[in-house]
Amino acid sequence: MARYDTMWEYSRDVSASTLVGGERRSVRVWVERSRRDPLPGLTIVAMAGLVVGVLLARFGMPPVNLHAPPHFWGIMDPLCGMTRGSAATLRGDLGKAWWYNPASPLVIAAGFAVVARWALGLATGRWVCVRLQRTRLGVAVLASAFVVLDVYQQLHVDRLR
């Protein structure tokens, strides 16, 4: 018996002119369902993160320093401001969340999506999984997004101190 039942698959041919050697490739997305949760750790991390985020949104930031060591030398990373941005997102202040870290609303939305996936899986006995084919272009786009976020954070070092 297969571990996954493929519900649907999307495939799109990439133009031959964009690939070295004129080779045609497909980008694939699979939406599958499973009889058990294949990612229980992700669900636990998402739930814990949302609980901590709600507590921070309600009671404020803790009196301890949560910065990484390079922060004290003025070097920001893509996660700088994520705690404050996530708390602002959960308070509904998206402007302030973007101000601290533009990725924080995406992180909170992803956390809610993972928890909703878990609740749906408990209710139906089937867990939905989305898999993307890993490509060099996809990795390059993701890496570029992190670099852009890092540069953005470094340009706004004064607000993150």
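Note that region 94-104 has calculated 3J(HN,Hα) couplings of 5, x, 5, 4, 5, 4, 6, 7, x, 7, 4 Hz, one per residue in order, obtained from phi through the Karplus relation 6.51 cos²θ - 1.76 cosθ + 1.60 (θ = phi - 60°); glycine and proline are x.
Across region 119-130, coupling constants 3J(HN,Hα) worked out from phi with the 6.51/-1.76/1.60 Karplus curve, θ = phi - 60°, read 4, 5, x, 5, 6, 9, x, 10, 9, 8, 10, 10 Hz, and Gly and Pro carry x. What the phi angles of region 66-79 give under the Karplus curve with 6.51, -1.76 and 1.60, with θ = phi - 60°, is a coupling list of 9, 7, 6, x, x, 4, 6, 9, x, 9, 8, 10, x, 8 Hz, glycine and proline written as x. Placing +1 on the Cβ of every Lys and Arg and -1 on the Cβ of every Asp and Glu, with no other charges, gives region 57-159 a dipole of roughly 440 debye about its Cα centre. When the surface is traced with a 1.4 Å probe over the full set of protein chains, residue 151 keeps roughly 80 Å² accessible.
Mind checking the full-extension length gain between residue 109 and residue 66? Use 0.36 nm per residue of separation minus the Cα-Cα distance, one decimal, nm.
Result: 13.2 nm gained on full extension.
Legend: residues 118, 127, 99, sorted from most to least accessible area (1.4 Å probe; ligands, DNA and RNA excluded), read 99, 118, 127.
Remark on residue 76: its backbone amide H falls under 5 Å from none of the residues 5 or more positions apart or on other chains, H modelled at 1.01 Å from N. With each label modelled as a point 7 angstrom along the Cα→C-beta vector, the residue 45-residue 116 pair spans 2.1 nm. Taking 44, 108, 75 and ordering them by how much accessible surface each has at a 1.4 Å probe, largest first, produces 44, 75, 108.
The values are calculated or read from the model by the stated rules, or taken from the named source; none is laboratory data. As the structure is a prediction and not an experimental result, all values here were calculated from the model. Cβ: placed from backbone, ideal geometry, glycine included. Neighbour counts: every protein chain shown. Accessible surface areas use protein heavy atoms only, side chains included; no ligands, DNA or RNA. Shrake-Rupley method; radii C 1.70, N 1.55, O 1.52, S 1.80 Å.
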